[in-house]
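A.B. asks: Please read through the structure below; I'll follow up with questions.
Every read-out reported here was derived from the displayed coordinates using simple, explicitly stated rules and does not represent laboratory data. Since the structure is predicted, the reported quantities are computational estimates derived from the model, not experimental observations. Quick reminder, even Gly has a Cβ in these numbers, built from the backbone with ideal geometry, and neighbours come from all protein chains shown.
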Ligand code: NAP
């Protein structure tokens, strides 16, 4: 960077920016594709220097910190030698705004490392969280960026081969869970009640069995109680609605989830509608849908809510954008279309009778795929710079978008797995905790 491009700003400025920003990391995936991910970080000020700490899970990989809008970048004289770079990454950084430069070093001194971890964990309130134990964190590399010069703005053109941003649902889910853990603890401390999330599984569809298990595990991680009710494949609609009514009456149950899809002979919506709206934390009841669409207070369908939370977290612009939703199911396609509409997007909903689907998708700034068909959305349907939200999950761990080819054209995308799925589970539990907080007026 040329000195003349710099505009020195003060320490107070950098701190106020740090409070609002994300640090993004550019790296290379195992198959040599560049990726960009946001990173959790913490900072402390010692004298006139700002020290920023973050952990580098991809130990041994060369990396850069890059800037996007509202993102901070530390143009660092990176001591990559110390990282024993195993993959060469000759991407030259392109920053919208560069606010600091300094040196990146790996913390090796134990005291320094512990100090950095403590600051890091305090910022994210990780202390005591089962999935963020200090031991686990201490085995990853802790990098310290010492910012020596605070600089202003510069603009350089974006290289053509930069991959789009990964909308990392896994790390977002961890952040949400860390917060839920505290909320669950508060409910238990103040009321002596451990909220229960009841899940009803009808039959033994292997994917559904796995989903119910994952939801149960998430409840335990967060500190609420899962209650699994298994019903035989040949259960009738009446038997299921009766079971739901029992759970409606059960004072210890705060959330009820009927695992979708149920066997074909069952009237699924009738079962959904039997769920007490106050316990409908998966947001599937017709009344919940109506209230959500009218922007009234109601639990929202968990997957669409997860998608909106990813969009908000990664600051994706929705207002005025063309959003194309492929799929119109009551639990996914229709509600996400409503939520996007309520966020001021111009929404088109497509389905199996839609004509000229590729043409419609080509106009989309945001594509939401909720079809249930592996790699259904092709890369030549994607407009350059579109945001890809892949809600699909199909055999072979693949989504509904041919992501492998399409992501090069996108500006951001949710990976499969690790995108919408993990956030869906945390949103389901968040709404269950909300149900308990509402009931106890907390
Ligand atoms: P669904 O009930 O089977 O609905 C699929 C939708 O796709 C229907 O509206 C259907 O249209 C439409 N469709 C089918 N073929 C099409 C085609 N050729 N062209 C355009 N549209 C077509 O599925 P769902 O429950 O919404 O789930 C969709 C996907 O999301 C699945 O992969 C599922 O596993 C995944 N999912 C993920 C989560 C999560 O937490 N990540 C949660 C729920 C679902 P019609 O209405 O005309 O039949």
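A.B. asks: Treat each spin label as a single point 7 Å out from the Cα along the C-beta direction, and report the residue 220 to residue 312 distance in nm.
C.D. replies: Spacing of the two 7 Å Cα→Cβ label points: 3.0 nm.
A.B. asks: On to the next question. How would 351, 265, 313 line up from fewest to most surrounding beta-carbon atoms within 10 angstrom?
C.D. replies: 265, 351, 313
A.B. asks: Let me ask something additional. Thinking of segment 303-420 as a set of Cα atoms, what percent of all their pairs are more than 25 Å apart?
C.D. replies: 9 percent
A.B. asks: One quarter of the convex hull surface, Cα atoms only: what value does that give for segment 273-334 in nm²?
C.D. replies: 4.6 nm²
A.B. asks: How large is the direction-averaged shadow of the alpha-carbon convex hull of segment 230-297, in nm²?
C.D. replies: Orientation-averaged projected area of the Cα hull: 4.6 nm².
A.B. asks: How far, in nm, would the chain grow between residue 245 and residue 442 when pulled straight, counting 0.36 nm per residue and subtracting the alpha carbon separation?
C.D. replies: In short, 68.3 nm is gained.
A.B. asks: So, in nm, how far is label residue 230 from label residue 210 when the simple model puts each one 7 Å beyond its Cα toward the Cβ?
C.D. replies: Output for this residue pair reads 1.8 nm.
A.B. asks: Where does segment 213-327 land on Rg/Rh, using Cα atoms and the Kirkwood Rh?
C.D. replies: We get a ratio of 1.01 for segment 213-327.
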